[in-house]
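Quick notes on the structure that follows.
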Amino acid sequence: MIVKQVTDILEELAPLAYAEDFDNVGLLVGDANMEVTSVLVTLDTLEDVVDEAIAEKCNLIISFHPIIFGGLKKITGTNYVQRVVIKAIQNNIAIYSMHTALDNSNQGVNAKICEVLGLQNTTILIPQKGTIKKLTTYVPKDEAENLKNILFEAGAGNIGNYSNCSFGTNGIGSYKAEQNANPVKGEFGKTHFEEETQISVTFEKAAEAKVLNALKENHSYEEVAYEVLTLENTNQNIGIGMVGELENSIPETDFLSFVKEKMNAEGIRHSALLGKKIRRVAVLGGSGAFAINAAKHANADIFISSDIKYHQFYEAEGKMIVADIGHYETEQFTKNLLVDYLTKKIPNFAIRLSGCKTNPIKYF
Ligand SMILES: [Zn+2]
């Protein structure tokens, strides 16, 4: 197996198209065509993680956080980022990062937190905008059925629990073949009228290249007329944070104890308790202060996240509890999620969970 085959499998779980714009995801170090010996999964790619990869003969590190985030202008080994990159390159180790692509996956970071906390009826807290696209194309009537099926196979036509969704209308298309054209129907230099079907299908942004390739490869015309639009519709499958419900309401202090134990938190910083029971829980792995309002609007009784600042705790406004359990703590099970996923997808391959605890924060 080469690096690209492994990362293609990871992109089925978390397409890079859904990573946030500010992020730096994908293959950060190494050659996509390199043969992989075995894979090491980590939350952060620190120097001791690269040492572990060397010792365990893993030449592909799958890291949640990207080791290269801001601009890397020199690679001279003056800080830990540069030393990691140098060591990885010197030892032929590739590094691939998933970060917000996995945050925005409905089977990613937040789904894992929901699973650990036993939340049910989960939905995405902040659906990502602009993830649904619509393709409209025009095809000779007798080719329409076949082309539709090809587009479905390429990933178009899925709406919620429905597949093969499309809309078609018949009409007359016209065109005149000009110099150097080679029309499959009609004559050179004459306006031709053809009975055509207009097909419309929607698809998720990550499938765009596949859908358009399928269209162009299977349409009989040398110039394919088509339009792609980005829709305003929300997509419940993609986005950050999740909200779900506990099976039974429980007192808030009991719930905080439960979270502390399940999430291995050393401590929980939280806004004022409200004296009511907890049923609806919003979660967002990593720095999540930007989602406090969304959690309130989702009627959460508590919002569990990290990196909450002093003033941001005020934003709870007596409507819910804002709880900061620690950045590492919210994301820690992401490693296990990735190991489990890869092991299931490529069972005969060595997938190793890093033994390095990369949390930089200690408690006294
Ligand atoms: Zn993080």
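The values are calculated or read from the model by the stated rules, or taken from the named source; none is laboratory data. Remember, it's a predicted structure, so these values are computed and weren't measured experimentally. Cβ: placed from backbone, ideal geometry, glycine included. Neighbour counts: every protein chain shown. For the accessible areas, the whole protein counts, side chains as well, though only heavy atoms, and no ligand, DNA or RNA atoms are used. Shrake-Rupley method; radii C 1.70, N 1.55, O 1.52, S 1.80 Å.
For Asn233, are the conditions met, namely being at pLDDT 95 or above and either in a helix (DSSP H, G or I) or open to solvent by 20 Å² or more (accessible area, probe 1.4 Å) (or both)? Against the criterion (at pLDDT 95 or above and either in a helix (DSSP H, G or I) or open to solvent by 20 Å² or more (accessible area, probe 1.4 Å) (or both)), Asn233 does not qualify.
Among the candidates Glu247, Glu195, Glu227, which residue alone is within 30 Å of Val259 (Cα to Cα), part of a strand (DSSP E or B) and open to solvent by 40 Å² or more (accessible area, probe 1.4 Å)? Before the answer, list the steps.
Values: Glu195 fails: within 30 Å of Val259 (Cα to Cα); Glu227 fails: within 30 Å of Val259 (Cα to Cα).
Going through Glu247, Glu195, Glu227 in turn, the sole match is Glu247.
Any chance segment 234-241 includes a residue that's under 25 Å from Thr131 (Cβ atoms), within 16 Å of the ligand (Cβ to nearest atom) and in contact with an Asp or Glu (Cβ under 6 Å, 6 or more places away or on another chain)? Yes, some residue in segment 234-241 is under 25 Å from Thr131 (Cβ atoms), within 16 Å of the ligand (Cβ to nearest atom) and in contact with an Asp or Glu (Cβ under 6 Å, 6 or more places away or on another chain).
For segment 66-83, a residue qualifies if it is closer than 13 Å to Val49 by Cα and either part of a helix (DSSP H, G or I) or of a type in the set (Phe, Trp, Tyr) (or both), and the qualifying residues are Tyr80, Val81, Arg83.
If we keep just the residues of segment 266-288 that are open to solvent by 10 Å² or more (accessible area, probe 1.4 Å) and in a strand (DSSP E or B), which is farthest from the ligand (Cβ to nearest atom)? Looking at residues that are open to solvent by 10 Å² or more (accessible area, probe 1.4 Å) and in a strand (DSSP E or B), I get Lys277. Taking (1) modelled with pLDDT under 95; (2) within 16 Å of the ligand (Cβ to nearest atom) in turn, Asp324 satisfies each apart from (1).
Is it the case that Phe64 is within 16 Å of the ligand (Cβ to nearest atom), surrounded by fewer than 17 Cβ atoms within 10 Å (Cβ to Cβ), in contact (Cβ under 8 Å) with a residue 40 or more places away in the chain and closer than 25 Å to Gly286 by Cβ?
So Phe64 fails the test.
The residue list Ala291, Ala295 contains one member that is within 16 Å of the ligand (Cβ to nearest atom), out of contact with any His (no Cβ under 9 Å at 6 or more places or on another chain) and more than 21 Å from Phe364 (Cα to Cα), which is Ala291. With the requirement that a residue be under 30 Å from Phe188 (Cα atoms) and open to solvent by less than 70 Å² (accessible area, probe 1.4 Å), what does segment 152-177 give you? Answer for segment 152-177, where residues must be under 30 Å from Phe188 (Cα atoms) and open to solvent by less than 70 Å² (accessible area, probe 1.4 Å): Gly168, Thr169, Gly171, Gly173, Tyr175, Ala177. From the list Ala94, Ala88, the lone residue that is under 14 Å from Gly26 (Cα atoms), open to solvent by less than 40 Å² (accessible area, probe 1.4 Å) and either over 18 Å from the mean Cα position of the chain (by Cα) or among the basic types (Lys, Arg) (or both) is Ala94. Looking at segment 84-156, the helices (runs of 4 or more DSSP H) lying wholly inside it that each contain 1 or more residues that are farther than 25 Å from Thr42 by Cα sit at 144-153.
Confirm whether Thr7 is within 16 Å of the ligand (Cβ to nearest atom) and either without any contact (Cβ under 8 Å) to a residue 60 or more places away in the chain or closer than 30 Å to Glu208 by Cα (or both). Step through it out loud before you land on a result.
Values: within 16 Å of the ligand (Cβ to nearest atom): no; either without any contact (Cβ under 8 Å) to a residue 60 or more places away in the chain or closer than 30 Å to Glu208 by Cα (or both): yes.
Answer is no for this residue.
Among the residues of segment 17-61, the ones that are within 15 Å of the ligand (Cβ to nearest atom), part of a strand (DSSP E or B) and closer than 15 Å to Val85 by Cα come to 0 in all. Checking each residue in segment 198-224 for being in a loop (DSSP other than H, G, I, E, B) and either without any contact (Cβ under 8 Å) to a residue 60 or more places away in the chain or of a type in the set (Ser, Thr, Tyr) (or both) picks out Ser220, Tyr221, Glu222, Glu223.
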